[in-house]
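Participant: Mind looking over this structure? Questions follow.
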Amino acid sequence: MKNGYYVEGTGTSWALMEDVPKLYGIKVSSISRAANNMRAVLDNGGIFICAMGKGDFTISGHYIVIYGYDNEGFMVNDPNCVARSGRRWIFSEIETQIKSIWVYDKEK
């Protein structure tokens, strides 16, 4: 809170997603929301944190991690739900719920 990464009545500021990882040598970037772009990043060892809007994951706002994919869909870590984390998500199910997406990779 004292560093400005908490927004009263909302929760974690999006700025945290860009500022803090850099302190640990993690490269942060963004991409357009497209399944092929996301698969390419995952194929190269990156992961995503997504700010989600109203839908399957939240009624107001929530963060999830997308860390892989297979023939069944994208692999999600939802810190609020084991069941949502344990299934695969096809891109069309999550695409419109993603409000912002950050790509994380090691500095090279």
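The values are calculated or read from the model by the stated rules, or taken from the named source; none is laboratory data. The structure presented is a predicted model; accordingly, all values stated were derived computationally and were not measured. Cβ atoms come from the backbone with ideal geometry, glycine included; neighbour counts cover every protein chain shown. We work out accessible area using only protein heavy atoms, side chains counted, and drop any ligands, DNA or RNA first. Shrake-Rupley method; radii C 1.70, N 1.55, O 1.52, S 1.80 Å.
Participant: Keeping to segment 58-81, report how many residues are open to solvent by 80 Å² or more (accessible area, probe 1.4 Å), of a type outside the set (S, T, N, Q), within 25 Å of Ile26 (Cβ to Cβ) and not in a strand (DSSP E or B).
Facilitator: 1
Participant: Still on this model: Those residues that are open to solvent by less than 60 Å² (accessible area, probe 1.4 Å) and among the hydroxyl-bearing types (Ser, Thr, Tyr), I need them from segment 82-93; list them, please.
Facilitator: If the condition is that a residue be open to solvent by less than 60 Å² (accessible area, probe 1.4 Å) and among the hydroxyl-bearing types (Ser, Thr, Tyr), then Ser85 is the only one that fits.
Participant: Are there any pairs with C-beta distances below 8 angstrom linking a residue in segment 18-44 that is at positive phi to a residue that is not in a strand (DSSP E or B), with the two at least 6 apart or on different chains, and if so which?
Facilitator: Once the first residue is at positive phi and sits in segment 18-44, its partners that are not in a strand (DSSP E or B) give Gly25/Glu107.
Participant: Any chance you could count how many residues in segment 19-39 are open to solvent by 60 Å² or more (accessible area, probe 1.4 Å) and in a helix (DSSP H, G or I)?
Facilitator: 6
Residues are listed down the side, and each one gets a yes or a no for (1) of a type outside the set (A, V, I, L, M, F, W, C); (2) part of a helix (DSSP H, G or I):
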| position | (1), (2) |
| --- | --- |
| Met17 | no, yes |
| Leu42 | no, yes |
| Ile49 | no, no |
| Asp56 | yes, no |
| Ala83 | no, yes |
| Thr96 | yes, yes |
| Ser100 | yes, no |
| Asp105 | yes, no |
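Participant: Among the numbered conditions (1) modelled with pLDDT under 95; (2) surrounded by 15 or more Cβ atoms within 10 Å (Cβ to Cβ), tell me where Leu42 comes up short.
Facilitator: (1)
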